[in-house]
Amino acid sequence: MRSQIQKKNFEEDLTNARIAAQNVLEDLDIEKTKVEKERAKEVAILLSIGDGLVVTDENGNIMLINKVAEKLLGRKKEEVMGKVFSDAILGIEDKEGKVISLEKRPMNLALTAGTATVNSIYYYVRKNKTRFPVAITVTPIVFEGKVIGAVEVFRDITHEREIDEEKSEFISLASHQLKTPPTAVKLLTERLLSGKMGTLTEKQKEYLNDIRFSNQRMIDLTNALLNVSRIELGAFTIQVQKKNACAIVQSVLDELEPITKGEQPKLKTIFPEQNIMLMLDEPLFRMIITNLVTNAIHYTASEGEIVVECKTINKGETVGGKLLKENYFVVVISDTGYGIPQVQQNKVFTKFFRADNAREKHVNGTGLGLYIAKSIMDHSGGLIWFMSRENKGSVFYAAIPMTGMRTKVGT
């Protein structure tokens, strides 16, 4: 009797266990369906992004590509899925058409160094060998401290490039047209001031000097705009010759002597005894030094001091908080001026930027000098950076590799 009861209880327990297991399985199926739907929804959202999208695993194998990426690259999903990104994407080039090495590609940087990159200077090559300028953003996928893949979002910026080029061409054309009248005014004003056209009263001289000053400002602005347009169009060349670098710096300071006289900050120089010979494009190098020194003069009070130093720095040494990876010739321009507000320092080398305190102290600046200096350095293989504290002064560093400036042929 007892065995029958035990058997019955066992069968009931077994039935209940089966029902419970069935319920658990049904619940799991429901949850699985929900998860799959959520995942499908997330994938659908990713695939619907208006820019090109590619997702890879930790080895760079493509796991996901959307329709926009397929269209931009001229590649079908079936052709690239599971393949290594660097192999599936036919090519990535710079503006001159040179293939970018694997270690410098944004996707590889994300996978190997775990760093997010934003880039808009490369070109992707389509399957049909045509190419287009591309803005790329690559972000590593990090899980439990390990890079398990990367997400790249990119878009065709052909239209933006065309607009920029049209804008630069317009500025260049307008600047050339604007350059002629001020030049004529300058010559005529100087002739009048020379006294060759007759004796002038003091009041007439005062007015003519005001005209000359304002006219020179127009010439400086026009020249700056021309330099900007040449840089942005890639229409300027870098032609190097062996030059005495310190002698050029001293020559620039001699030219600027008229604006450093009178109630201006004291100017001090620290130059090495020996000559430092470098392969330089002298006009461009002079432009860099002129812009840096005039900035220091304009934004330093008359009781302040400016120090211009030339020196060589060996590979592996640190100067101005920057570790140099090769031997450099460095020009250091330090001042005790107004400094740059911390919140605005990331904009210093952008076009038309002038710090708030700079506008208050010197109203006539163009906001183009540092942009031009940085652009020249970027194109010639040099470095430019700074350290600054508001009301404590600034230190700007212009570094040229001891191998010299990199040559460039204008387009």
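Laboratory data are not the source of any read-out in this text; all were calculated from the coordinates shown. Predicted, not measured: the structure shown is a model, and the values here were computed from it. Cβ sites come from the backbone with ideal geometry, for glycine too, and all protein chains shown count toward neighbours.
Among the listed pairs LYS347/LYS408; LYS205/LYS347; LYS167/LYS322, which have their C-alpha atoms separated by more than 31 angstrom in this model?
Correct reply: LYS205/LYS347; LYS167/LYS322.
Once you charge only the Cβ atoms, +1 for Lys and Arg and -1 for Asp and Glu, what is the size of the charge dipole of the stretch 161-233 about its Cα centre, to the nearest 20 debye?
500 debye
Positive end of the dipole of the stretch 161-233, charges at C-beta (+1 Lys, Arg; -1 Asp, Glu), about the Cα centre: which of PRO182, ILE211, SER194 has its Cα farthest in that direction?
Checking the options against the dipole of the stretch 161-233, the answer is SER194.
For the stretch 161-233, I need the span (max minus min coordinate) of the C-alpha atoms along each principal axis, in Å, sorted largest to smallest.
55, 16, 13
Arranged by the count of other C-beta atoms within 10 angstrom, fewest first, what order do CYS310, CYS246 take?
So the residues, fewest neighbours to most, are CYS310, CYS246.
Let me know the Rg and Dmax you get for the stretch 113-203 when you use only its Cα atoms, in Å.
Cα-based Rg and Dmax for the stretch 113-203 come out at 27.4, 85 Å.
Largest first and in whole Å, give the semi-axes of the stretch 241-401's equivalent ellipsoid, each being the square root of 5 times a Cα gyration tensor eigenvalue.
The equivalent ellipsoid of the stretch 241-401 has semi-axes of 24, 18, 15 Å.
Below 8 Å, C-alpha to C-alpha, sequence gap of six or more: please give me the relative contact order for the stretch 49-156 in percent.
With pairs under 8 Å counted, the relative contact order is 29 percent.
Quick one: what do you get for the stretch 139-290 if you divide its Cα Rg by 2.2 N^0.38 Å?
1.62
So for the stretch 49-156, what are the equivalent ellipsoid semi-axes in whole Å, largest first, each being the square root of 5 times an eigenvalue of the Cα gyration tensor?
Value: 20, 16, 12 Å, ordered largest first.
Nothing charged except the Cβ atoms of Lys and Arg (+1) and of Asp and Glu (-1): what's the magnitude of the dipole of the stretch 49-156 about its Cα centre? Round to the nearest 20 debye. Intermediate values should be presented prior to the final figure.
Numbers: 16 positive and 14 negative charges, 89 e Å.
So the magnitude is around 420 debye.
Given charges of +1 on the Cβ of Lys and Arg and -1 on the Cβ of Asp and Glu, with all other atoms neutral, how large is the dipole of the stretch 100-245 about its Cα centre, in debye to the nearest 20? Provide the component values of the computation, followed by the final result.
Details: 21 positive and 16 negative charges, 115 e Å.
Dipole about the Cα centre, nearest 20: 560 debye.
Which whole-angstrom value gives the distance between the alpha carbon centres of the stretch 198-220 and the stretch 328-404?
A separation of 31 Å, based on Cα centres.
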